[in-house]
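The next block holds one structure in the form of C-alpha cells; read it before the comments.
The values are calculated or read from the model by the stated rules, or taken from the named source; none is laboratory data. Bear in mind the structure is a predicted one, so any value in this text is a computation, not a measurement. For neighbour counting, all protein chains shown are included, and Cβ atoms are generated from backbone atoms with ideal geometry for every residue, glycine included. Remember, those area values only see protein heavy atoms, side chains included, never the ligands or the DNA or RNA. Shrake-Rupley method; radii C 1.70, N 1.55, O 1.52, S 1.80 Å.
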Amino acid sequence: MRIGQLLGTGRSADVYELDEEWVLRRYRVGLDATREMPVMSYLSASGYPVPRLGPLPVSAGPGDLVLERLTGPTMLESLVSGALGGDEGSAMLAGLLADLHSVPARLSADPEDRILHLDLHPGNVMLTADGPVVIDWSGTEEGPPALDRAMSALILAQVAVDPRVPEAAGARALLDTLMPLLAVDDGIPARHLAAAAARRAANPTMSPAEVALIGDASDLVAALSG
C-alpha cells in the first residue's frame with residue numbers, strides 16, 4: 001500500500017491519499033479503528049450515508065481504516081462561507097440525527113436503543129454531490145437517541161459561548177434553529193444533557209479552555225430546551 005499526501009488532520013487521526021477512489025485514515029494516538037467497521041457496514045446496508053469501506057492491506061495496523069474518498073466541503077466550511085444557510089444546515093443536521101436513530105441497534109437488546117454517533121456536528125458532515133455523508137465514527141456506541149442529540153447540541157453550544165472564536169455567532173444562530181427541530185423527537189432531557197456534559201469533560205482531546213466552557217454551554221442548551 002503506497003500512502004500518498006496528507007489530505008487532512010483532526011484531533012486524533014490523519015487522512016492520507018491512497019488513490020483517486022480511496023483514502024487511509026490513521027489514528028495518531030493508539031486508538032483501535034476495528035470497532036467502527038461493523039457499525040459503518042451495518043449503517044451502509046441500512047441506507048444511512050457513511051463512507052464506503054475499502055479492503056485493508058495486510059500491512060495495516062489496528063488504527064487504520066481504508067475509506068471511500070469523498071469530494072466536497074464539510075458542512076462547517078459551507079456554513080462559514082455562506083454557501084449553506086443556517087436554516088438549511090440545522091434542518092440537515094436534525095435530519096441526519098433523526099435518520100440515524102431510525103435504524104435499529106445492531107447489538108443491544110433494548111428496543112429503545114439506537115446506534116449513536118456522539119460527535120455529529122457540522123465538521124463531521126461532508127457535502128458531496130450525492131448528498132451529505134457522516135464521517136468519523138470513532139466514538140460510536142448504542143444507547144438512547146436523546147444522548148446523541150444532547151452531544152450535538154452541546155458541541156455547538158461550546159462554540160457559541162466561546163468569546164475567542166469568530167464562529168461563535170454562527171454557532172449560536174445554528175443552535176437556535178436546531179433546538180426546535182430536535183424537540184420534535186422528544187428533545188433533550190436534563191439527564192441526557194448531564195451525561196453528555198460528563199462525556200465532553202472526560203474527552204482527553206479537549207483543552208482545559210474547552211472543558212471550562214462546558215458549564216456555560218450546558219446552561220445554554222438547557223435554556224433553549226425549556
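Brief remarks on what is shown
- Along its principal axes, the chain has C-alpha extents of 52, 43, 34 angstrom, given from the largest down.
- Gap separating the Cα centres of region 77-116 and region 2-19, nearest whole Å: 25
- Carbon plus sulfur fraction of accessible area for region 70-164, probe 1.4 Å, in percent: 55
- Three-way shape call for region 129-226 based on the alpha-carbon gyration tensor, with the a/c threshold at 1.5: rounded
- The chain - mean residue ellipticity at 222 nm from DSSP helices (-39,500 (n - 2.57) per run, n ≥ 4, rounded to 500): -12500 deg cm²/dmol
- Accessible surface, per residue, of the chain when the full set of protein chains is kept, probe 1.4 Å, Å²: 48
- Under DSSP loop assignment and at most 12 Cβ neighbours within 10 Å, longest GluC sites (Glu not before Pro)-free interval of the chain: 113-226
- Whole-number percent relative contact order across the chain, with pairs defined as alpha carbons under 8 Å at least 6 apart: 15
- Long hydrophobic helices in the chain, taken as whole DSSP H segments with a C-alpha length of 18 Å or more on their own axis and mean Kyte-Doolittle hydropathy at least 0.5: 86-100, 145-160, 168-183.
- Tensor-based shape of region 1-134 (alpha-carbon gyration tensor, a/c under 1.5 rounded, otherwise prolate or oblate): oblate
- Longest site-free stretch - the chain; sites: trypsin sites (Lys or Arg not before Pro), DSSP loop, at most 10 other Cβ within 10 Å: 3-163
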